[in-house]
1. Does the stretch B:16-23 contain at least one residue that is more than 14 Å from chain A (Cβ to nearest Cβ), surrounded by 13 or more Cβ atoms within 10 Å (Cβ to Cβ) and either in contact with a helix residue (DSSP H, G or I) (Cβ under 9 Å, 6 or more places away or on another chain) or in a loop (DSSP other than H, G, I, E, B) (or both)?
2. Take the stretch A:72-95 and flag every residue that is surrounded by fewer than 16 Cβ atoms within 10 Å (Cβ to Cβ) and either within 14 Å of another protein chain (Cβ to nearest Cβ) or within 20 Å of residue A:29 (Cβ to Cβ) (or both).
3. For residue A:43, are the conditions met, namely being part of a loop (DSSP other than H, G, I, E, B) and without any contact (Cβ under 8 Å) to a residue 12 or more places away in the chain?
4. Name the residue, out of B:59, B:64, that is within 10 Å of another protein chain (Cβ to nearest Cβ), over 21 Å from residue A:44 (Cβ atoms) and either surrounded by fewer than 21 Cβ atoms within 10 Å (Cβ to Cβ) or in contact with a helix residue (DSSP H, G or I) (Cβ under 7 Å, 6 or more places away or on another chain) (or both).
5. Any residue at all in the stretch A:25-33 that is in contact with a helix residue (DSSP H, G or I) (Cβ under 9 Å, 6 or more places away or on another chain) and part of a strand (DSSP E or B)?
6. Which members of the stretch A:53-111 meet the condition of being in a loop (DSSP other than H, G, I, E, B), out of contact with any strand residue (DSSP E or B) (no Cβ under 7 Å at 6 or more places or on another chain) and under 26 Å from residue B:37 (Cα atoms)?
């Protein structure tokens, strides 16, 4: 069911640095690309999402960059903070159907 | 608390036993999803309901798994004759999907962790 490929598996970033997580997809029917954040012992929670008609979406320190021709999208976390340490999942959805998740990236922000 | 709630949070069982998990979605949400998550992996889709209708089941879902959503409210996921490979976190999520084009943010519960000995 691996329709969304995510990298890297883990990431260590200094406080104040930029965290970048990448995802690639194959199914051109996908039309909604969310990112979810998960803390230990909790369920994933929506962080930010984008549709393929825009190339970038920014919400606070979080930015999604979307490249439709390359079928790739990425999450950038600016000014990374220790509180951002979590697992991040990219995902994709086609119309009213199910959401498919990537394998996740464990981010650790060093103080 | 108006979020998605799951019960039990933890379940330890012996191989061959049956287990049942319950999910109470956000009350006005018409869609309910079950996902399975193993350590170091993303949530893996199992099945979903629109109101009381089960619209899709993953091909990975063996016939030992069954889910129901009577009256379109809470849902149960039953696993019969559990195997050690069933050990995982079972996540429930709900969403309000008004149109096919709607984004459909998923609101997850905290999960039910199953350990099969």
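Derivation of every value follows stated rules applied to the coordinates shown; laboratory data play no part. Predicted model, so just to flag it, every value in this text is computed and none were measured. All Cβ positions, glycine included, derive from the backbone under ideal geometry; neighbour counts span all protein chains shown.
1. Yes; the residues of the stretch B:16-23 include at least one that is more than 14 Å from chain A (Cβ to nearest Cβ), surrounded by 13 or more Cβ atoms within 10 Å (Cβ to Cβ) and either in contact with a helix residue (DSSP H, G or I) (Cβ under 9 Å, 6 or more places away or on another chain) or in a loop (DSSP other than H, G, I, E, B) (or both).
2. If the condition is that a residue be surrounded by fewer than 16 Cβ atoms within 10 Å (Cβ to Cβ) and either within 14 Å of another protein chain (Cβ to nearest Cβ) or within 20 Å of residue A:29 (Cβ to Cβ) (or both), then A:72, A:95 are the ones that fit.
3. Numbers: part of a loop (DSSP other than H, G, I, E, B): yes; without any contact (Cβ under 8 Å) to a residue 12 or more places away in the chain: yes.
Yes: the conditions hold for residue A:43.
4. Matching residue, one of B:59, B:64: B:59.
5. Within the stretch A:25-33, none of the residues are in contact with a helix residue (DSSP H, G or I) (Cβ under 9 Å, 6 or more places away or on another chain) and part of a strand (DSSP E or B).
6. Correct list: A:94, A:95, A:96, A:97.
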